[in-house]
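Any read-out appearing in this document is the output of simple, stated calculations on the displayed coordinates, not a laboratory observation. Keep in mind it's a predicted model, so treat the numbers as computed, not measured. Glycine gets a Cβ as well: all are built from the backbone with ideal geometry, and neighbour counts include every protein chain shown.
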Amino acid sequence: MNIRKILSKLNNRYVYATLVFVIFFLFIDEYNLIDQHRQYKILKDKKAQVEFYEEENKKDADFLEQLKTDTALMEQVAREQYKMKRDNEVIYLIETQE
């Protein structure tokens, strides 16, 4: 088949209607292909965030359970993070410039 025969077969109203339909749904419609791709990427990022925060939540829950049962760890956290001391101790804080 040569090009003229192919073009003559494509030169009818059904082909034109199909092209208009495809162009409309790919680019113009409210749920077009470009927006769908963009929304898919956003959804993938949000799922990764949910997975990250679930993992962090599990780590924090494990640490909290460990903190409730281990008094040495409780004392270490109280001294390091909250600068607590015993009654008969004097603590000197040395700040370094970074």
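Points worth noting:
- Unit charges at the beta carbon, dipole of the chain: most positive-side option, Ser8, Ile94, Gln39: Ser8
- Phi to ³J(HN,Hα) by Karplus 6.51 cos²θ - 1.76 cosθ + 1.60 over region 3-18, Hz, x for Gly, Pro: 5, 5, 5, 5, 5, 5, 6, 7, 8, 8, 6, 5, 5, 5, 5, 5
- Summing +1 for each Lys or Arg and -1 for each Asp or Glu among the other residues whose beta-carbon sits under 12 angstrom from that of Leu64 gives -1.
- Gaussian network model of the chain, Cα within-10 Å springs - most flexible of Glu65, Glu55, Glu80: Glu80
- Theoretical ellipticity at 222 nm over the chain - DSSP helices of four or more residues, -39500 (n - 2.57) apiece, nearest 500: -23500 deg cm²/dmol
- Lysine pairs in the chain whose alpha-carbon atoms fall under 29 angstrom of each other, counting only those eight or more residues apart or on distinct chains, come to 15.
- Neighbour counting of Cβ atoms within 10 Å sorts the residues Val22, Val77, fewest neighbours leading, into Val22, Val77.
- A Cβ-based charge dipole, computed about the Cα centre of the chain with Lys and Arg at +1 and Asp and Glu at -1, lands at about 1420 debye.
- Of every Cα-Cα pair in region 46-86, the percent that sits beyond 15 Å: 54
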